[in-house]
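Below is one structure, written out as structure tokens; comments come after it.
The values are calculated or read from the model by the stated rules, or taken from the named source; none is laboratory data. Just so it is clear, the structure is predicted and the values come from calculations on it, not from any experiment. Reconstructed Cβ throughout: ideal geometry from the backbone, glycine too, with neighbour counts over all protein chains shown. These area figures cover heavy atoms from the full protein model, side chains too; ligands, DNA and RNA do not enter into them. Shrake-Rupley method; radii C 1.70, N 1.55, O 1.52, S 1.80 Å.
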Amino acid sequence: MGKQFLFWAALLFALNGSNQAFAQNPNGLMNMFSAMMGAAIVNNARIGWSKIPPQETECIEQELREQNTSIGGLIQNGIVPNDPRMEGIRFDCRIAAIPPSNVMPNAGPAAPAEAQVDISRLSEKPTFDCSHARSLTARTACFDQTGAAADWDLITAYWASYFVLPENEREAFDQGHQDWLRSLNQKCPKAHSPSQCVLAAYHKRAAAYRAQLTGDALSESRLTPEQHGQIQQSLIERGLLDGDADGEFGSITRKAIRQFKAQSGAAESDFLTAEQSAQLLKTKVPTTTAGTTTNIAPVPPPPPPPRVETARLKDARVFLEDTKKFINQQKSLTSISDIAKEAANLQLALNQFDEQAAVDSKRKLHDLLKPLSGFAEFEQQQQSERNREEARHLAEGRTLGKQNEFFIDTYLQGHLGDSATQPLLSLRGQIESALKATTIDELSKANEAVSSYVKNNQLEAAYADATKKFGKPDGPPTPAPKTLKDSLTEKSKFLVEGPVNEIILLYNASPTAPKVWKNVRGDVVFQNDSASVCFAQPNVELAVSRYVDHYLGDRGAKTIASTSTPCDLSNAGKTIDIMVFQRGTLLANREEYLLGLAKMLESDVFRRYETIADYAEKFQERQKLSLQIEADLDEGSRKGFGVIAVTETAVACVLPPAKAELSDGLKELVKRNTDLISPRLISEWQYVDTSSNDLAFLGLQRHQCGFVVGDEGAVRSIMLALRREKIKYVFAAVWWDEDEVARATFDAHDAIETAILKKNELDRAAAAKIALDIARIKNKENEKGEIERKFREANGTKARGLMNYIHDLVSAMADKRPVEDANLFPAYSKWLNERFGDQWQTFNVASEVADFGTVQWEQRPLDAIVVKTIVQQKNRILGKYDKQCYLFGYVDDEEFTMLRNPFALDCSDSGDLAKWKIGERFRSQWNAE
């Protein structure tokens with residue numbers, strides 16, 4: 001405490017003479033603030049370096065001199081010993097400080113040929129010899145078990161991905177992997193935390209490899225290194241594999257796997273099935289060769305937990321940046337020293353990734369800044385700007401997500417059966433899920449996954465070709481084939497006859513229509529105000545799609561579920577309510593598709609609903625309305641609410657009306673009129689409540705908002721400001737009076753309340769069902785308990801007598817006492833002999849009746865018993881206890897004094913017990929089935 005006081009006193013004394021100048025000079029104030037922060041950080045670094053052992057300090061100093069710097073230089077720059085940039089040097093110095101005999105088993109010279117790998121500890125070290133670790137990636141993998149785990153995670157996924165490929169593609173895959181490793185050694189040394197850069201990249205690459213695996217290959221990639229080693233050891237004991245069990249399934253192990261599968265009569269493959277892996281994993285595996293010992297001496301201490309910027313750390317970092325901006329704008333501050341000291345504490349906490357310390361320091365810093373004049377307004381403005389920026393990023397991410405969906409759908413249509421389609425389907429599901437999220441994180445991960453997949457599979461050309469067509473119609477329509485015209489009747493000839501720009505809507509008139517039907521007046525109505533819609537043409541212009549959604553919304557279909565294009569005619573009668581096409585574009589379909597559509601019209605599965613003939617005129621009318629709105633606002637003759645647009649960014653800044661609750665109505669109207677406001681909008685609307693015209697104008701200038709929604713006064717102010725700055729704008733062809741906004745507000749609130757009520761109703765129904773299920777289960781358990789009580793009351797004496805025979809026999813065998821029927825259970829006898837050879841001693845055997853019943857033997861009913869026995873053992877040499885569970889059983893043929901079909905199974909082999917019961921036609925008289 002005394003040293004800290006002297007430090008701050010000296011600093012304040014040194015700066016005191018300059019305080020007056022700083023108070024009149026914002027830059028001087030900021031310099032003073034930065035100097036005080038820097039001094040605190042330097043002092044912290046000095047304290048940190050003073051705690052490093054002299055031997056390690058000397059080694060680090062020597063390494064730094066080769067880089068023309070020193071520990072003193074690091075201290076002046078505020079770099080502490082556990083700074084991520086120091087990991088490489090400190091790793092080398094820690095390794096150098098440990099005697100060669102004490103290095104990790106894989107870090108020294110190769111073990112003698114007769115020594116066997118300890119497969120029970122494979123995951124403790126990486127897959128290569130650490131004595132040759134020179135690159136950053138190798139040093140990171142060798143530093144501790146965290147690095148070794150990342151190395152194993154990557155290598156198991158790599159080998160599975162390598163051997164799942166056709167042989168002619170493996171070399172290119174391996175070359176790509178090696179190039180990626182080299183790129184890491186160039187990129188990660190520049191990162192804030194080089195080792196964390198490597199670890200994150202390893203796990204991300206492993207996940208990308210596994211995303212392309214399925215079935216047995218995926219299951220193998222998820223086995224632990226020890227399980228890999230156990231499987232190899234089992235193959236070695238069977239004489240199928242030469243060498244050590246090192247945990248890596250390379251070409252030699254694959255050959256052994258193929259031989260094992262051939263011996264088992266299974267189909268040839270480079271991968272084991274789950275059953276085959278389980279079979280090999282059950283084989284007893286020695287861990288060391290007799291006469292050898294494994295010296296595991298101290299290794300370097302583990303590093304701190306992985307440095308990850310959590311949400312709370314990010315929030316604290318942003319707040320510190322805001323603090324610096326605020327101070328840079330001030331001319332004088334009376335509490336500059338306290339603020340600088342707390343800001344330094346926050347910076348130190350962020351450097352150390354100490355979340356709790358950062359949160360506490362942020363709170364204290366905020367308490368110091370809150371009373372200052374102008375800080376609350378500054379903080380609100382910064383937050384509003386971040387909200388707009390986040391909304392813009394989310395809108396851009398959604399647009400890219402929709403584009404990626406379009407690419408995947410296009411690629412799948414042209415590559416049915418291709419090996420690439422399965423991972424693409426998984427990626428599409430990931431994007432679809434991310435598009436429903438309200439944050440950018442999941443969306444960014446999904447888009448990055450698609451980008452990585454496209455790059456890794458050389459699909460850049462296909463992606464570029466597909467995205468060129470995204471949101472755009474194809475070229476001029478092709479004329480209808482003559483053979484098609486000859487096949488049409490009065491019911492269907494409208495498909496090809498008429499203006500090419502007409503939009504035709506068909507409704508599902510079949511009994512299996514999902515939501516559409518006709519009422520007694522003959523009106524087409526939509527159940528639950530919803531409809532499923534598809535376009536019967538290869539490509540759809542986005543503006544047309546938006547227009548049709550709005551058109552159907554005006555006719556009662558408030559919720560539209562769109563399906564892929566063109567419509568799947570094979571099940572359209574069961575899944576589609578409304579089928580839409582623009583006549584000219586419809587003719588781009590294949591002739592057989594058009595004939596199929598005509599057939600559905602002939603059979604009245606679909607009928608003509610509406611024809612939109614004035615689509616082009618509608619757009620001209622909108623343009624006129626847009627210009628009229630602007631002219632009226634110039635004259636001050638228009639009252640109500642409107643929308644002004646600058647870009648296509650799907651973010652609307654909403655200026656609150658006099659009645660604040662009407663903001664929800666404005667948002668609802670924007671959503672309903674998307675086709676009028678932004679016909680080509682792809683993603684969903686994002687809304688930012690903006691407190692002033694200035695902030696809304698700022699959002700437009702920085703492209704954080706594409707649109708501003710407000711009353712006549714607000715949009716007129718924005719219009720005049722945009723004119724002054726010569727920024728292009730346009731008014732959307734919509735204008736609403738206060739009554740329309742009020743009705744939309746009511747609808748929006750009503751929809752929310754309805755959703756809440758519906759959810760509550762569903763929750764209550766679910767809770768009632770759970771309660772009924774619990775009561776049903778409880779009743780069933782009570783009935784079962786009563787049946788078993790009666791069984792055991794009737795058969796207890798006989799069952800326990802048969803059990804006692806088995807218990808006495810297996811107990812005597814476990815105690816090495818001579819018995820007559822020692823060969824009755826050979827598997828158990830073999831296990832005991834192996835355990836005795838390993839110096840295990842039995843100290844307790846406990847048995848209970850697991851099941852008792854009757855079987856059919858040569859048309860005679862005989863008693864049968866199943867006994868569960870726990871054998872407890874101890875090993876004086878190893879200093880440990882162990883126990884094993886066995887199931888023993890046999891058929892008691894009392895008439896002929898024979899014990900028939902005896903068996904001994906591991907308790908985990910429930911499947912084999914079930915087979916025995918089925919084979920013997922066993923009927924339990926002990927347990928209720």
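Under 20 Å from the Cα of LYS778, which lysines turn up, not counting those fewer than eight places away in the same chain?
Correct list for LYS778: LYS769, LYS790.
Suppose R0 equals 56 Å; then what is the FRET efficiency for SER50 and GLU390 from their Cβ-Cβ distance, rounded to the nearest 0.05? It would help to have the intermediate numbers written out before the result.
On the way: r = 43 Å, r/R0 = 0.77.
The value I calculate is 0.85.
Which whole-number percentage describes the relative contact order of the chain, with Cα contacts under 8 Å and a sequence gap of 6 or more?
Values: 1228 pairs, mean separation 70.8, N = 929.
Dividing the mean separation by the residue count of the chain yields 8 percent.
For the chain, with the dipole built from +1 on Lys and Arg beta-carbon atoms and -1 on Asp and Glu ones, taken about the Cα centre, which of ALA645, GLN62, ALA660 lies farthest toward the positive end?
It is GLN62, whose Cα lies furthest towards the positive end.
Report, in debye and to the nearest 20, how large the dipole of segment 624-665 comes out about its Cα centre when Lys and Arg carry +1 and Asp and Glu carry -1 on their Cβ. Kindly include the intermediate steps, with their values, before the conclusion.
Details: 4 positive and 7 negative charges, 22 e Å.
Charge dipole, segment 624-665, about its Cα centre: 100 debye, nearest 20.
Enumerate the calculated ³J(HN,Hα) couplings along segment 623-635 in order (Karplus 6.51 cos²θ - 1.76 cosθ + 1.60, θ = phi - 60°), each rounded to whole Hz, writing x wherever the residue is Gly or Pro.
Karplus-based 3J(HN,Hα) across segment 623-635 equals 4, 4, 4, 4, 5, 5, 4, 5, 5, 5, 5, 4, 7 Hz.
Greater than 18 Å separation of Cα atoms is the criterion. Which listed pairs, LYS784/LYS915; LYS125/LYS255; LYS868/LYS917; LYS436/LYS671, meet it?
Beyond 18 Å between Cα atoms: LYS784/LYS915; LYS125/LYS255.
Towards the positive end of the charge dipole of the chain, with charges on Cβ (+1 Lys, Arg; -1 Asp, Glu), say which of ALA349, LEU74, GLN330 has the farthest Cα.
Of the candidates, GLN330 comes out farthest on the positive side.
For labels at ARG258 and GLU58 in the simple 7 Å Cα→Cβ model, what's the distance in nm?
Those two pseudo-labels are separated by 5.8 nm.
Can you figure out the FRET efficiency of ASP906 with SER444, using R₀ = 60 Å and their beta-carbon distance, to the nearest 0.05? Mind dumping the intermediate values first?
On the way: r = 48 Å, r/R0 = 0.81.
My answer for the efficiency is 0.80.
Please list HIS177, HIS807 in order of solvent-accessible area, largest first, computed with a 1.4 Å probe with all protein chains present. Intermediate results must be reported in sequence, preceding the final value.
Details: HIS177 10, HIS807 45 Å².
Final ranking, largest accessible area leading: HIS807, HIS177.
What number comes out for accessible area per residue over the chain if the probe is 1.4 Å? Units Å², please. Each step should come with its number before you reach the end.
Values: 50170 Å² over 929 residues.
Averaged over the residues of the chain, the accessible area is 54 Å².
At 7 Å along Cα-to-Cβ for each site, give me the label-to-label distance between GLU66 and LYS468 in nm.
Going by the 7 Å Cα→Cβ label model, 5.3 nm.
Separation between the SER691 and GLU834 pseudo-spin-labels, each 7 Å from Cα along Cα→Cβ, expressed in nm?
7.4
I need the peptides 158-171, 387-400 ranked by packing, meaning the mean over residues of other C-beta atoms within 10 angstrom, with the highest value on top.
387-400, 158-171
Quick one: how many Å² of SER564 are accessible to a 1.4 Å probe, rounded to 10?
Solvent-accessible area, nearest 10 Å²: 80 Å².
At a 1.4 Å probe radius, carbon and sulfur cover how many percent of the accessible area of the chain?
Carbon-and-sulfur percentage of accessible area, whole number: 51.
Run down the lysines and flag those whose C-alpha is under 24 Å from the C-alpha of LYS370, throwing out any fewer than 8 positions away in its chain.
Straight-distance partners of LYS370: LYS314, LYS324, LYS325, LYS331, LYS341, LYS362.
Along the charge dipole of segment 764-866, Cβ charges K/R +1 and D/E -1, which of ALA814, ALA766, PRO861 sits furthest on the positive end?
With unit charges placed on the Cβ atoms, the residue in question is ALA766.
Using unit Cβ charges (K, R positive; D, E negative) and no other charged atoms, how large, in debye to the nearest 20, is the dipole of the chain about its Cα centre? Can you show the working numbers first?
On the way: 111 positive and 126 negative charges, 197 e Å.
Taking the Cα centre of the chain as origin, the dipole is about 940 debye.
Pulled fully out, how much extra length does the chain show between ASP634 and THR214, if you take 0.36 nm times their separation in residues and subtract their Cα-Cα distance?
Working: separation 420, 0.36 × 420 = 151.20 nm, distance 6.46 nm.
Here the segment from ASP634 to THR214 would lengthen by 144.7 nm.
For the ranges 822-834, 784-796, what's the packing order if you count other beta-carbon atoms within 10 Å of each residue, average per peptide, and put the highest first?
822-834, 784-796
Using alpha carbons only, how many angstrom separate the centre of segment 166-198 from the centre of segment 616-642?
One Cα centre to the other: 58 Å.
Rounded to the nearest 500, what is the 222 nm mean residue ellipticity of the chain from helices alone, with -39500 (n - 2.57) per DSSP H run of 4+ residues and division by all residues?
Working: 34 runs with 508 residues, N = 929.
-18000 deg cm²/dmol, from helical runs alone.
About its Cα centre, how strong a charge dipole does segment 546-616 have in debye, to the nearest 20, once Lys and Arg get +1 and Asp and Glu get -1 at the Cβ?
On the way: 9 positive and 10 negative charges, 18 e Å.
Dipole magnitude for segment 546-616 comes out near 80 debye.
In the set (1) 62, 50, 30; (2) 74, 34, 27; (3) 89, 85, 13, which value of semi-axes √(5λ) of the Cα gyration tensor in Å was calculated from the structure you see?
Label of the calculated value: (1).
Could you work out how far the C-alpha centroid of segment 213-282 sits from that of segment 874-927, in angstrom?
29
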